[in-house]
Amino acid sequence: HEMAALNNTSVVVYAAKDLRLVNREMPVPGPNEVLLKMHSVGICGSDVHYWQHGRIGDFVLQEPMVLGHEAAGTVCAVGASVTHLVPGDRVAIEPGVPRENDEFCKNGRYNLSPSIFFCATPPDHGSLCRYYTHSASFCYKLPDNVSYEEGALVEPLSVGIHACRRAGVSLGSYVFICGAGPIGLVCLLVAKGMGAAKVVITDLSSERLAKARELGADFVLLSGAGSEAEASLGGPQDMARRVAECLGGTPPDISIECTGAEACVQASIYATRSGGVLVLVGMGPKLMTLPILNAAVREVDIRGVFRYCNTWPMAIAMLASRHVDVQPLVTHRFPLSSALEAFENVKIPRLLKSGPADVKG
Ligand code: NAD
Ligand code: ZN
């Protein structure tokens, strides 16, 4: 009997550099929860970071934690109070679930609620496992024409939606995106989807820029900011000048910073047109030296971005209507039994980090 209960294969980080595939107990859904058989789970940069360092900033691993927060699966049981889902439903999972109905929750910005539950953020377990329970209200039905993989990619896509909403991207916007990692690329997809007329994107890697082109970037720029190539490619002000040049001499209305690198935040301030908006998505050092007076006297609004809120319905609708295509973000697939190998693979920086690992039952 006890053996049968321990059949929930899970990817667990025990400490920095200590990742294991372990059999955990089969979870039981509470009254407002559903039990899910997981299907596709993406590996995020943060999963890799917890594995490599055992912490991200103030979030420190105290006990072993299941990784994974980009996920989709099938409902296999529902709690007594759940009415909108039934066994067999295919769902995408929103990993952040507010724990109390505080002021942030009441005004719709529940991502800012300090007590929020979030998959694979200590001490909360993630969803890279065979069976997982989650709040039913944060599981969204997938239409037949949206795959599980796409369902898992709703999570990173949501970061792009929230960033573009915070930045005010709309029809005709000129947008500058710093960084062509998975997050820069979802910002690109969403900005184009929201009607941006021109998007310029930068990265240190020409391979990543090639991917950005494939996904619809109008202009790509190789960056040297903060790197050894800086001498030949120029510093932040040079980057700002090159961005405006791409746009025919007009600076971008909006900049979306997706690297967290100090030199890139500097370049993003310089690059943004007076009266424009810069959103900070990338997470870098706690303190940075920035041309803040330049931002002040040119009325450049600098806005933070923390995950997302109210994005799943819109993201699923965008995917169902084929308005946005996230499939090119998937580079590799692994069965759950090879999850450790999948993590070794994403560690290689030239690969995209969002390739969902197929969790096969
Ligand atoms: P990533 O590391 O895969 O991508 C970052 C990209 O930036 C890389 O391609 C790198 O080559 C490029 N880069 C680094 N320095 C550069 C420079 N000087 N000039 C140009 N490009 C440069 O990471 P990711 O998964 O795409 O995430 C991007 C950032 O967003 C990370 O800092 C991550 O922590 C953050 N993030 C924030 C949120 C949020 O809620 N705000 C959510 C998810 C990720
Ligand atoms: Zn993530």
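The values are calculated or read from the model by the stated rules, or taken from the named source; none is laboratory data. Bear in mind that the values here come from a model prediction, so they are computed numbers and not experimental data. Counting neighbours? That spans all protein chains shown, and the Cβs are built from the backbone with ideal geometry, glycine included. Heavy atoms of the whole protein, side chains included, go into the accessibility calculation; ligands, DNA and RNA do not. Shrake-Rupley method; radii C 1.70, N 1.55, O 1.52, S 1.80 Å.
Per-residue answers, yes or no, for (1) modelled with pLDDT under 95; (2) open to solvent by less than 40 Å² (accessible area, probe 1.4 Å):
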| position | (1), (2) |
| --- | --- |
| 3 | yes, no |
| 23 | no, no |
| 48 | no, yes |
| 52 | no, yes |
| 60 | no, no |
| 64 | no, no |
| 68 | no, yes |
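How do the helices (runs of 4 or more DSSP H) wholly within the range 178-294 filter down when requiring 3 or more residues that are at pLDDT below 95 and surrounded by fewer than 22 Cβ atoms within 10 Å (Cβ to Cβ): which remain?
Values: elements: 182-193, 206-214, 230-233, 236-246, 262-271.
Of the helices (runs of 4 or more DSSP H) lying wholly inside the range 178-294, those with at least 3 residues that are at pLDDT below 95 and surrounded by fewer than 22 Cβ atoms within 10 Å (Cβ to Cβ) span 230-233.
Among the residues making up the range 87-119, those that are of a type in the set (Lys, Arg) and free of Cβ contacts under 8 Å to residues at least 24 places away in the same chain are 99, 106.
Answer yes or no: is there a residue in the range 20-34 that is assigned to a strand (DSSP E or B) and under 22 Å from the mean Cα position of the chain (by Cα).
No, there is no match, as no residue in the range 20-34 is assigned to a strand (DSSP E or B) and under 22 Å from the mean Cα position of the chain (by Cα).
Summed over the range 295-315, the residues that are touching a strand residue (DSSP E or B) at 6+ places or on another chain (Cβ under 9 Å) and assigned to a helix (DSSP H, G or I) give a count of 4.
Could you list, in sequence order, all residues of the range 5-21 that are open to solvent by 60 Å² or more (accessible area, probe 1.4 Å) and at pLDDT 95 or above? 14, 17, 20, 21 - these are the residues of the range 5-21 that are open to solvent by 60 Å² or more (accessible area, probe 1.4 Å) and at pLDDT 95 or above. Looking at the structure I just gave you, is residue 154 closer than 26 Å to residue 11 by Cα, within 14 Å of ligand 1 (Cβ to nearest atom), surrounded by fewer than 24 Cβ atoms within 10 Å (Cβ to Cβ) and not charged (D, E, K, R)? When the stated conditions are applied, residue 154 does not pass them. Among the residues of the range 56-102, the ones that are within 16 Å of ligand 1 (Cβ to nearest atom), over 20 Å from residue 115 (Cβ atoms) and assigned to a strand (DSSP E or B) come to 2 in all.
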